[in-house]
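Structure record follows, encoded as structure tokens.
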Amino acid sequence: MRKLERRVLPAGGLKIRRNASGGANLTGYSAVFNRPSENLGWGDTEIREYIAPGAFTKALRSSNCVAVFNHDQNLILGRESAGTLELKQDDRGLLATIHLPDTQLGRDLAVSVERGDITGQSFCFVVARDNWARDKKTDVATRTILEIEELIDIGPVTHPAYPDTSIARRSFEHFRAGSTGHRLKHFNHRKNYLKSKGII
């Protein structure tokens, strides 16, 4: 079963570009590399997430991503295989260009972006590889997404809601359990050594 995750870029720099035929293209970054996320933790736990440069390489070779509005698969704006969605990975992140359909949804969306009513973008994905670390001084946990297996969808959102972090949390709990186990093993090894020397 695929573990789907969704993240939101609240200010994706969405822009509308009108073409000579009257159509409109929506462009903006769905993800930005090396930018710390908002705190994805809970309670006293602080977790920051980063996306490593090049993380989308694998996904862009194999995914058939769709562009949707407000995460709704019924409100489709474009698709890679149809040539109505173009995704490009550059030094900054994942740049999306959606050739908006000449429908009520497409026309209304173009106006809303031009007015500044809609500024956020989201993307849904499956992680292939990530890495966890913890700063000993600040106790902040950091997750770096190294490789994305699959891109499911991207698209503009009306309300950049708090991202779904349930999978990131489970991944963190696994990391923390392993880290705790390592510390416990080291502690027991040290204790046995001190006992063998008659120190304790």
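The HN-Hα couplings worked out from phi for segment 20-31 by the Karplus form 6.51 cos²θ - 1.76 cosθ + 1.60 (θ = phi - 60°) are 4, 7, x, x, 9, 10, 9, 10, x, 8, 7, 8 Hz, whole numbers, x standing for Gly and Pro.
Close amide H contacts of S63 (hydrogens built in the peptide plane, cut-off under 5 Å, sequence separation of 5 or more or a different chain): L151.
How would segment 30-80 be classified by its alpha-carbon gyration tensor: rounded, prolate or oblate, with rounded meaning a/c under 1.5 and the a/b versus b/c comparison settling the rest?
On the way: a/c = 3.27, a/b = 1.54, b/c = 2.12.
Here segment 30-80 falls in the oblate category.
Near V140: Cβ cut-off under 12 Å, other residues only, Lys/Arg at +1 and Asp/Glu at -1. The net charge is 0. Between T45 and R79, the FRET efficiency from the beta-carbon distance, with R0 = 45 Å, is close to 0.75. Sequence-ordered 3J(HN,Hα) estimates for segment 89-99 from the Karplus curve with 6.51, -1.76 and 1.60 and θ = phi - 60° stand at 9, 10, 5, 8, x, 9, 9, 10, 10, 10, 7 Hz, glycine and proline given as x.
Simple spin-label estimate for R129 and T103 gives 3.8 nm between the two label positions (7 Å along the Cα-to-Cβ direction from each Cα).
Assuming R0 = 30 Å, can you tell me the calculated FRET efficiency for the pair T158 and K136, based on Cβ-Cβ distance, to the nearest 0.05? The partial results should precede the final answer.
Values: r = 41 Å, r/R0 = 1.36.
Efficiency, from the Cβ-Cβ distance: 0.15.
Report the full-extension gain for the segment N70 to E114: residue separation times 0.36 nm, less the Cα-Cα distance, to one decimal in nm. Don't skip to the end; give the middle numbers.
Working: separation 44, 0.36 × 44 = 15.84 nm, distance 1.72 nm.
Working it through step by step, the gained length comes to 14.1 nm.
What the phi angles of segment 120-128 give under the Karplus curve with 6.51, -1.76 and 1.60, with θ = phi - 60°, is a coupling list of x, 9, 10, 8, 10, 8, 10, 7, 9 Hz, glycine and proline written as x.
Tell me, rounded to the nearest percent, the portion of alpha carbon pairs in segment 4-165 spaced more than 29 Å apart. Tail of P(r) above 29 Å: 20 percent of Cα pairs.
We did not get these values from a lab; they are worked out from the coordinates using the rules stated. What you see is a predicted model; the values in this text were computed from it and never measured. Heads up, the Cβs are rebuilt from the backbone with ideal geometry, glycines too, and the neighbour counts pull from every protein chain shown.
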